[in-house]
Amino acid sequence: MEIIPAVLAKTESELAEIKNKLGWYSGPLHIDIADGQFVPTLTVGREEIEKYFPKQILDVHLMVANPADVIPLWLDMPNVRTIIFHIEATDKAPEIIDTIHQAGKKVGIAINPETEAPELKADVVHFMAVHPGNYGGEFIESVVGKITDFHTRHPGVFISADGGVTPKNVSILEKAGVSVCIAGSYIQNSEDSEKAFKKLSEGK
C-alpha cells in the first residue's frame with residue numbers, strides 16, 4: 001500500500017509552507033482543491049499549484065460544486081495524473097468520466113462517508129473517511145466496512161482512502177482493500193514530516 005501526502009492550502013503562503021515542509025519528498029502528491037461551496041473551505045487554484053509543483057506527479061481532488069465546469073481547467077496540465085471529482089456534486093458523471101479519459105488522465109470518483117459507492121467505470125474509487133474540506137477531521141470507522149464490502153464486490157478496482165489516516169489505522173485500511181492512503185494532517189501537523197511519513201509507511 002502506498003502513502004501519498006495531501007496538499008490543502010487556503011493561501012499561497014500556506015502552499016509555500018507546505019512545499020517547504022515536504023522538501024524531502026519527490027513522489028506523487030494529492031492536491032485538494034475546494035471552492036467554498038461544495039465544502040466550506042476555499043483553496044488556492046491551478047495557477048498556484050502549477051507555480052509550486054510544476055514537475056511532481058499530481059492527483060487533483062476537486063471538492064467543488066460544479067466539477068464539469070472546473071475539470072477543463074486542469075486537463076492540459078501535463079503532470080496531472082488523476083482527476084478526482086465527487087459523485088455527490090454532479091448528475092453528469094458518465095460525461096465527466098469520458099471527458100477526463102479523452103484527455104489522457106485517470107478518473108477518480110470520490111464519495112463522502114454517507115454515500116454508497118457508484119457502479120461507474122472509474123480508475124479509482126476514493127473513499128472519504130472524514131467529511132471533506134479541512135485537515136484534521138476524525139476518522140469515521142464505519143467507512144472501513146464500506147471499503148471492505150466494495151472491495152469484495154469489485155476486487156479489481158483501485159481504492160484510495162482519505163482523511164484521518166494515522167499509523168493506528170493504515171493496516172486496517174490495507175486489509176480492507178485500500179491501495180493508497182492519503183495523509184494530510186498527520187504529516188502536515190507533525191514536527192518532522194519525513195519521520196511522520198515513514199511511520200505511516202511502516203504502519204502498513
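Springs between alpha-carbon pairs under 10 angstrom, Gaussian network model over the chain: which of 32, 98, 162 fluctuates most? Comparing 32, 98, 162 in a Gaussian network model of the chain, the most mobile one is 98. Please say if the range 114-161 is rounded, prolate or oblate, where rounded means a/c under 1.5 for a ≥ b ≥ c the square roots of the C-alpha gyration tensor eigenvalues, and otherwise the choice is prolate for a/b larger than b/c and oblate otherwise? Prolate shape, in that a/c is at least 1.5 and a/b is the bigger ratio. A cut-off of 5 Å between modelled amide H atoms, ignoring neighbours fewer than 5 places along the same chain, links residue 110 with 85, 86, 87, 126. Beta bridges assigned by DSSP with both partners in the chain are antiparallel in approximately 5 percent of cases.
Would you kindly derive the ³J(HN,Hα) couplings of the range 8-13 from the backbone phi angles with the Karplus curve 6.51 cos²θ - 1.76 cosθ + 1.60 (θ = phi - 60°), listing them in order in whole Hz, with x for Gly and Pro? Working through the residues one at a time gives 10, 10, 7, 9, 5, 5 Hz. Pairs with C-alpha atoms separated by more than 23 Å, drawn from the list 168/195; 21/146; 21/195; 55/175, are 21/146; 55/175. Backbone geometry of the range 189-198 corresponds, through the Karplus equation with coefficients 6.51, -1.76 and 1.60 at θ = phi - 60°, to 3J(HN,Hα) couplings of 8, 7, 6, 10, 5, 5, 5, 5, 4, 5 Hz, x marking Gly and Pro.
Arranged from fewest to most other beta-carbon atoms within 10 Å of their beta carbon, 160, 142 become 142, 160.
Coordinate-derived values only; no laboratory data. Every value quoted in this text rests on a predicted model; they were computed, and no experiment measured them. As a convention, Cβ positions derive from the backbone with ideal geometry for all residues, glycine included, and neighbour counts pool all protein chains shown.
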